[in-house]
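J.: One structure, as structure tokens, below. Some questions next.
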Amino acid sequence: MTIKIKILSLCHNNAMKNFNYMKKSTISFCLFLLSLGMYAQTGNNAKASQLVSKMTLEEKVKLVVGMGMNLPGMPSLSNGPVVGETQDRVPGAAGTTFAIPRLGIPGIVVADGPAGLRIQPTRENDAATYYCTAFPVGTLLASTWDTALVKKVGAAMGSEVKAYGVDVLLAPALNIQRNSLGGRNFEYYSEDPVVAGNIAAAMVNGIESNGVGTSIKHFVANNQETNRNLVNVIISERALREIYLKGFQIAVKKSQPWTVMSSYNKLNGTYTSQEHDLLTTILRKEWGYKGMVMTDWFGGNDPVAQMKAGNDLLMPGTPEQVKVILEAVHNGQLTEAVINTNATRIMELVLASPSYKKTIFNNKPDLKSNAIVARTAAAEGMILLKNDNNTLPLKQVKKIATFGNISYDFIAGGTGSGDVNEAYTISLVDGLENAGFNLNATLKSSYERYIKDEKAKQPAKKFFFELTPPIPEMNVATNVIDDKAAESDIAFITIGRNAGEFQDRKKETDFYLTAAEKQLIHDVSASFHARQKKVVVILNVGGVVDVASWMNDADAILLAWQGGQEAGNAVADLLTGKVNPSGKLTATFPMQYEDEPTVKNFPGKNLSNEEVKGIGGMSLGFESEVVYEEGVFVGYRYYNSFNVKPAFPFGYGLSYTSFNYGKLLTKSPDFKGRIIATVEITNTGKTAGKEVVQLYIHAPAKKMQKPSEELKAFAKTKLLKPGESQKISFVITADDLASFDTKSTSWIAEVGIYTLKVGASSADIKQTAQFNLAKDIITEKCNKVLMPQVNIDALNK
């Protein structure tokens, strides 16, 4: 059976252009839906404006400043009698907006986070528990390359937001994974903006299908945690447009999220929350964004500049911000018209919110059903990196020896605002036992006792964002390993890593394995291989780690990422063959950290030796700057263009079956507004499976230096039975061919021969086709904004 799917280009500057390629009935229907959306927006705008006109100046100013929050060890930051941290509404949520009861305006509740709703599971004088589902982290979800599945995850996540009385979920996060050591990479989707933007759009559309809002973040260039509140990120205009803004542009145009969250950092000299050209010129005027912008918590340093820039809501809000804004209006530094505009956008959000609509919430989300969704997504996004001699799926295996602390104590997700208070986490050993396997009892007992004792020695967290250091890997004597090798059919070793806010990862003992971890892999492999038995390594990590230095010791490697609360069950589904692996890398795994294109300038340099303190004496780090010298050559764009061999390339992932790519067909050798490229995928193996089909383009480089190929579209097949085929069609427009030309401040598709490349990864191209573009096409003329204050013209070529 052959099925044809037409997938519209995943990267358009103007979505309306797509209507030209649809049937009249589809056009009419889309325009009808569009008109409904415009009507709703216009209606809300009129009502919002009317309500704002009835507010006093002080009420309007308090509306644009959040209600404050209380954190352990910090002074109260509340604007008034309302208790911070929403304890009176949803304990553990991140904040609320100002309520004006006399006008019937409620405060709305916003809460973290990207891997599931983060609220407190327990409440004062309440015996009930209020758990949320810990879904897989962003990197894993993107590794599914399945926007329909991600939308389903978003719908499940949004159902819990609604059930617990929250109005806006502060997610998703879609910053670029610029460097492997980024502390919040686990929240982010990819090193590529086309992946990040489309996965984020799917997540937004899923969450907001529940009638609750989202906040895509962190806009823009929040690509490190080191000195995140003080760092000045210097980026060329071209790299900014093509890499760091592009994902947000895709997400905005494909999902119109209720809110956007500005980032902490400075961009080319100005805090993003205070940059008018970013928040107004680009976001609203060029992209047509209709929603509201809020700061990240305590972001920026000038409330008046934030108001003028179009950063509507300051979160979590402080009394000092209210005072400064009021004084600025009174002394003429700030016009009341600016406050009216910002307050109106906030009111549009309030009018759309469940709180305003008095939606009934029951505090009883369907956690059981959502756990099934989490398990399904986790299995779809885990990646089989190595599988020598068909080590997996498991066959004729009864007794398993499980090594490594993390085998018994899986990491569901990262820390900080990306954390979730879930009811449980299924570990590897839990998942294997649930699948009916026998685990070595004495080994299990030793690990569980050791982990319990070591955790008891750890000091309590001083602050909920604090990352608890991992306990040392348990030392297993070689004679004990030999005993287990004699008693067991196969060995599993789990290596874990965690990260979170306020600090980036380290090269030694984090990107690279510790000496104890390497020794464990070596000793177990030597002992089991001596008995002709195999070894599987599971990577329970949130970001890229070294694999090259030890991967030859393992027979199979499964990149499990951080799969949420059902991770162990999902791993077991893959190990047993219940699910055929179909995840693919959305970030390159280098041979060594030193190969990364950003290594010489990450995380930048300090500009002073004076540490800056913030609210409650919390360290914000040092004034610093980082120059993105690599320009557009981020991730695979660099590795492929400069022939730097990675350990595993972008887009890579193995399967238990095999796929054939038919000839890549185009209807015309010349570009005339669009090119339709079609390829037929056939399952040529013996097991049902899914394939991620990736479309790259090699463009002529007459005026600008360009990567050897860039991802422009992707699709995931359905579950193909052995022998079954499916046709995938991609529609490529001029927007997909264009690069940003700094000199003309335009997106230009250059004249010449273009090569379409369809493959299973960026390094495994299966089929190619070419077409000719007869003359340059300017697809969009942009505003000359956000220029870097240092000379990095070389990056704009």
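J.: What is the Cα centroid distance between the stretch 309-343 and the stretch 384-410, reported in whole angstrom?
T.: When both Cα centres are located, 58 Å separates them.
J.: Cα centroid distance between the stretch 152-171 and the stretch 729-797, in Å?
T.: Each part reduced to its Cα centre gives a spacing of 37 Å.
J.: With +1 assigned to the C-beta of every Lys and Arg and -1 to the C-beta of every Asp and Glu, and no other charges, what is the dipole magnitude of the chain about the Cα centre in debye, to the nearest 20?
T.: Working: 85 positive and 78 negative charges, 566 e Å.
It comes to approximately 2720 debye.
J.: Dividing the convex hull volume of the Cα atoms of the stretch 518-571 by its residue count, what figure in Å³ per residue is obtained? Kindly include the intermediate steps, with their values, before the conclusion.
T.: Details: hull volume 4.4 nm³, N = 54.
With only Cα atoms used, the stretch 518-571 gives 82 Å³ per residue.
J.: Given a cut-off of under 8 Å on Cα pairs at least six residues apart, what relative contact order in percent is computed for the stretch 133-220? Can you show the working numbers first?
T.: Details: 155 pairs, mean separation 37.8, N = 88.
Once divided by the residue count of the stretch 133-220, the mean separation gives 43 percent.
J.: What's the extension gain from F642 to A701 if we count 0.36 nm per residue and subtract their Cα-Cα distance?
T.: On the way: separation 59, 0.36 × 59 = 21.24 nm, distance 1.51 nm.
The span from F642 to A701 would gain 19.7 nm if fully extended.
J.: Pairs of Cα atoms under 8 Å, at least six residues apart: use those to get the relative contact order of the chain, whole percent.
T.: Working: 1951 pairs, mean separation 128.3, N = 797.
The normalised contact order for the chain reaches 16 percent.
J.: Can you give me the relative contact order of the stretch 313-470 as a percent, contacts being Cα pairs under 8 Å and 6 or more apart? Show your work: numbers first, answer last.
T.: Values: 62 pairs, mean separation 28.0, N = 158.
About 18 percent, as a whole number.
J.: Hey, got the Cα dimensions of the stretch 112-238 along the principal axes, in Å, largest first?
T.: 53, 34, 22
J.: Another question, then. For the chain, list the DSSP H helices whose alpha carbon atoms reach 18 Å or more along the long axis and whose average Kyte-Doolittle value is 1.0 or above? List each step's numbers first, then the result.
T.: Details: long enough: 24-53 (43 Å, 0.46); 147-163 (24 Å, 0.47); 193-208 (22 Å, 1.11); 336-352 (24 Å, 0.73); 367-381 (21 Å, 0.28); 441-457 (25 Å, -1.39); 515-530 (22 Å, 0.01).
Those that pass (Cα extent of 18 Å or more, hydropathy at least 1.0) are 193-208.
J.: Additional query: Quick one, which of (i) 0.96; (ii) 0.99; (iii) 1.10 is the actual Rg/Rh (Cα atoms, Kirkwood Rh) calculated for this model?
T.: Computed from these coordinates, Rg/Rh (Cα atoms, Kirkwood Rh) corresponds to label (i).
J.: What is the spread of the Cα atoms of the stretch 201-343 along each of their three principal axes, largest first, in whole Å?
T.: 44, 37, 26
J.: Arrange the residues E58, E610 by how much accessible surface each exposes, largest first, with a 1.4 angstrom probe. Walk me through the numbers before you get to the answer.
T.: On the way: E58 95, E610 130 Å².
Largest accessible area first, the list is E610, E58.
J.: Would you mind computing Rg(Cα) / (2.2 N^0.38 Å) for the stretch 468-574, counting N as its residues? Write out the running numbers ahead of the final one.
T.: Working: Rg = 14.5 Å, N = 107, 2.2 N^0.38 = 13.0 Å.
Here the Cα radius of gyration is 1.11 times the empirical estimate.
The values are calculated or read from the model by the stated rules, or taken from the named source; none is laboratory data. On a predicted model such as this, the values are computed, not experimentally measured, just so you know. We place every Cβ from the backbone using ideal geometry, glycine too, and count neighbours over all the protein chains shown. Surface accessibility is based on the protein's heavy atoms, side chains included, excluding ligands, DNA and RNA. Shrake-Rupley method; radii C 1.70, N 1.55, O 1.52, S 1.80 Å.
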